[in-house]
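Working notes for the structure below.
The values are calculated or read from the model by the stated rules, or taken from the named source; none is laboratory data. Everything numeric here is computed off the predicted structure, so don't read it as measured data. As a convention, Cβ positions derive from the backbone with ideal geometry for all residues, glycine included, and neighbour counts pool all protein chains shown.
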Amino acid sequence: MKKILIAVLAALLCPAFAQAPGTKTLKGVTLPVTLGRSGKILSLNGMGIRTKVVFKVYVGALYVERPSKAADELISSEQDKAMELVFLRGVDGKAIADAIDEGFKKNSKELLPALRERMDKLRGFIPDLKKGDKILFAYAGGKNLSVEINGRNIGEIEGRDFADALFRCWLGNFPADKDLKKGLLGEIGG
């Protein structure tokens, strides 16, 4: 009985004991520190929380081939990269698509005419989501951006210009959430 009590106390006092090896936890969301994609291993660059007003919306995790704290380098490099969003609350698909559109407008305004048709395609991929649902946006260098919802491939969007613009929504000069950007770059939290 004493051994069990000691183990429970140790787990409560030192969260690292409660976390599985090879994972990282933020706001109750546990994600792997590596992600296998297209025959490559991507490493967790950082994690952060997207907050809208006072509401925690999702935990975001950025995976890349070569971790970096330089946002411009991560956006413009031809390396494979992925952004995973794990929702902390239910969110309407239209609201998610509108937020992504806003990110495109703020960070890639000059490219909007060339991106508009593909932005509409992405909008069609995003359903209403509930707490615990996941979206994965994965770019395979030189190929297309794939979109997965809860591990199921929904479709692909062609073009590196589109992938770069999407990653700018989180990492650009006008990110969706400044603290989320810092977390994704490994500067704070996560």
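Values computed for the structure shown
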{"quantity": "Residues of the stretch 40-81 satisfying the condition of being in contact (Cβ under 8 Å) with a residue 24 or more places away in the chain, assigned to a strand (DSSP E or B), buried (at least 16 other Cβ atoms within 10 Å of the Cβ) and not β-branched (Val, Ile, Thr)", "calculated": "Leu42, Asn45, Gly46, Met47, Gly48, Arg50, Tyr58, Gly60, Ala61, Leu62, Tyr63, Lys81"}
{"quantity": "Some residue of the stretch 52-72 being of a type in the set (A, V, I, L, M) and at positive phi", "calculated": "yes"}
{"quantity": "Any chance Pro127 is touching a residue at least 40 places away in the same chain (Cβ under 8 Å) and not basic (Lys, Arg)", "calculated": "no"}
{"quantity": "All positions within the stretch 82-98 that are within 20 Å of Ala138 (Cα to Cα), outside any helix (DSSP H, G or I) and not small (Gly, Ala, Ser)", "calculated": "Met83, Glu84, Leu85, Val86, Phe87"}
{"quantity": "Residue list for the stretch 10-54, restricted to those being modelled with pLDDT under 85 and among the polar types (S, T, N, Q)", "calculated": "Gln19, Ser38"}
